[in-house]
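One structure is given here, and the rest of the page talks about it.
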Amino acid sequence: LKDQFDNLDKHTQWGIDFLEKYAKFVKERIEIEQNYAKQLRNLVKKYCPKRSPKDEEPRFTSCIAFFNILNELNDYAGQREVVAEEMGHRVYGELMRYSHDLKTERKMHLQEGRKAQQYLDMCWKQMDNSKKKFERECREAEKAQQSYERLDNDTNATKADVEKAKQQLNLRTHMADENKNEYAAQLQNFNGEQHKHYYIVIPQIYKQLQDMDERRTIKLSECYKGFADSERKVIPIISKCLEGMILAAKSVDEHRDSQLVIDCFKSGFEPPGDFPFEDYSQNIYRTISDGTISTPKQEGMRIDSKTTVGKAKGKLWLFGKKPKPQSPPLTPTSLYTSSTPNGSQYPIFSIEPVHYCMSDIKTGKPRIPSFRSLKRGLFCLQGPALEDFSHLPPEQRRKKLQQRIDELNRELQKETDQKDALNKMKDVYEKNPQMGDPGSLQPKLTETMNNMDRLRMEIHKNEAWLSEVEGKVAARSDRRHSSDINHLVTQGRESPEGSYTDDANQEVRGPPQQHAHPNEFDDEFEDDDPLPAIGHCKAIYPFDGHNEGTLAMKEGEILYIIEEDKGDGWTRARRHNGEEGYVPTSYIDVTLEKNSKGA
């Protein structure tokens, strides 16, 4: 049994090492679960749509299904975190606590076994010492006896020597008897302790070590079960996540997605019609039959380049750009004839074509976008910010002023509440003088009133600036409306070839009024003639449009796009009634049509 104590020491140490090894395995598994959940969440975050005011909600069923799958995957990652947390609390934490207790208990049992062994060794040493002493005394007694017998048999020995040898023999015999008794006692004591050690103490220590090792084995079994239970508890929720992914996959509808694409890109324009036949021989036949180039009835008439291609002008061309209208000859409509007495004819230029050419210089293509771009760019070149935000574009200026007014109103409300509180406190002090002096609140009341007056002045000043910004829009709209009316004058009806026709459905835009306002030429560069629509847009958010040059719109309203965003965040649009203005690009959903209808 003495040899088995060291073997049990090694076995129990191996058991604790194995327990810690399994705890390390669980810890690494927890780290794997945590990293897996973290990577899943990062993956979901990477592919989830980033919500911003200008982004639309996903409309296609395939996109919605994918986002639902991402949500389910995010929940799945949460369940992996639950598994890691449960393993850490129920398995790893319990193993580490039990390992610490196990080490303490093992150390105590081994110390008890070593103490018992040391006590037995001590008893053996005492018994061995008494034995050796008894043996030594016995040898001395034998020597004394031999000396006594030798002297007793020697005739020459004196009586005194014989007596001395006899006394020495008696003394050694007595000491040998005492050592014999002591050795017997020590031997009896050692035998008792040795029996107790091997039959009572050591078996009890071994039993305790056995119980400890069995409890360690049971704890490992419980941890194995808890390890599996941690995974089994989340299986129902994980199954729901997987079912949600399957339902998301089943919700994909290809026909609905196709219909969404159709609704999104449907322009509403009709396919282009047939090209009309352009008979250029009419002028030849008319010249032969009439014998003149033009008639007085054609006086004041001109060719409008917009009617050269007939009805095909306002249609959407399916492929490529629509054909440019051909420039008409500079005869019948732009020249007038006169006859000399000898019958010869010579052309005379009328004054109206000159005005018409000047109008084309002002309103024809290419336009002069530099004035409008320069007007926008001035806001970015003003230098430091001004108090009235006049360095900002109209809408940004209005927002900044409105934001400042709201902040000032909040500060004014705080000061008003503070004044009411001070007045209530003052009334309390006046009714109960022992609570405080009412006069001590007067400086604070005065300061609060001054702050309120200052805030009211600031609010009034900013409201004046805001009214100024909002008032410019109405004036600009009225001026533009009157300018548009003056430009729309009908002079007559012409056929595509420039000849007079009685068809009332074909109208041409006449030249501008000759007696216009002196500042009309300047306004023309700021407010151009109606531009052709290059697309359409749908308002995602409502816009007040109180600033000068902006256009108010309601959510869901459809507008024509007449000029794209130049990089400053504003797009020029027009209503169906002809009202134009700039709207924020981020507030609309733009659909550009290369060959859409003109204004």
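The values are calculated or read from the model by the stated rules, or taken from the named source; none is laboratory data. This structure is a prediction, so every number in the text was calculated from the model and none was measured. All Cβ positions, glycine included, derive from the backbone under ideal geometry; neighbour counts span all protein chains shown. Please note that ligands, DNA and RNA were not included when accessible areas were found on the heavy atoms of the full protein model with its side chains. Shrake-Rupley method; radii C 1.70, N 1.55, O 1.52, S 1.80 Å.
Spatial offset of region 22-38 relative to region 141-162 amounts to 93 Å, using the alpha carbon center of each. By accessible area, using a 1.4 Å probe on protein heavy atoms only, region 149-230 has 50% of its surface on carbon and sulfur. The calculated FRET efficiency for Ile237 paired with Gln208, based on their beta-carbon distance and R0 = 60 Å, is about 0.85. In a simple Cβ point-charge model (Lys, Arg +1; Asp, Glu -1; nothing else charged), region 4-260 has a dipole of about 520 debye relative to its Cα centre. Each of Asn283 and Gln126 was given a label point 7 Å from its Cα along the Cα-to-Cβ line. The distance between the two points is 14.8 nm. Using the Cβ-Cβ distance between Arg150 and Ile200 with R0 set to 41 Å, the FRET efficiency from 1/(1 + (r/R0)^6) comes to roughly 0.15.
How would region 394-474 be classified by its alpha-carbon gyration tensor: rounded, prolate or oblate, with rounded meaning a/c under 1.5 and the a/b versus b/c comparison settling the rest?
On the way: a/c = 5.12, a/b = 4.09, b/c = 1.25.
Because a/c hits 1.5 or more and a/b exceeds b/c, region 394-474 counts as prolate.
Stretching the chain fully between Lys50 and Leu247 yields a gain of 68.5 nm (0.36 nm per residue, less the alpha carbon separation).
Contour minus end-to-end for Arg97 and Ser258, with contour as 0.36 nm per residue of separation and end-to-end as the Cα-Cα distance? Before the final figure, lay out each step's value.
Working: separation 161, 0.36 × 161 = 57.96 nm, distance 6.20 nm.
Result: 51.8 nm gained on full extension.
Note on Lys419 and Asp229: their simple-model spin labels are 6.9 nm apart, each label 7 Å out from Cα toward Cβ.
Take the Cβ-Cβ distance between Arg410 and Thr446 as r, set R0 to 22 Å, and report the resulting FRET efficiency rounded to the nearest 0.05. Provide the component values of the computation, followed by the final result.
Working: r = 22 Å, r/R0 = 1.00.
In this case the efficiency is close to 0.50.
A crude spin-label estimate for the pair Ser586 and Leu386, with each label 7 Å from Cα along the Cβ direction, gives 2.4 nm. Say a paramagnetic label sat at a point 7 Å from the Cα of Ala185, along Cα to Cβ; which residues of region 128-142 have their backbone N under 16 Å from it? Those under the cut-off are 128-134.
Could you let me know the centre-to-centre spacing of region 390-462 and region 58-90, using Cα atoms, in angstrom? Here the answer is 51 Å between Cα centres. Between Lys164 and Asn432, residue separation times 0.36 nm minus the direct Cα-Cα distance comes to 84.1 nm. Going toward the positive end of the dipole of region 4-260, with +1 on Lys and Arg Cβ and -1 on Asp and Glu Cβ, which of Ile246, Ile16, Ile200 do you reach last? Sorting the options by dipole projection puts first Ile246. Over region 4-260, accessible surface divided per residue gives 67 Å², non-protein components excluded, 1.4 Å probe. Solvent-accessible area assigned to carbon and sulfur over region 535-592 amounts to 49 percent, based on a 1.4 Å probe. For region 394-474, the solvent-accessible area with a 1.4 angstrom probe is 64 square angstrom per residue. Positive-end ranking of Thr446, Val428, Leu412 along the dipole of region 394-474, with charges on Cβ about the Cα centre, is headed by Leu412.
Report, to the nearest whole %, how much of the accessible area of region 394-474 belongs to carbon and sulfur atoms, 1.4 Å probe, protein only. List each step's numbers first, then the result.
Numbers: 2600 of 5140 Å².
Carbon plus sulfur share of accessible area: 51 percent.
Heavy-atom accessible area for Tyr92, with the other protein chains in place and a 1.4 Å probe, reaches approximately 60 Å².
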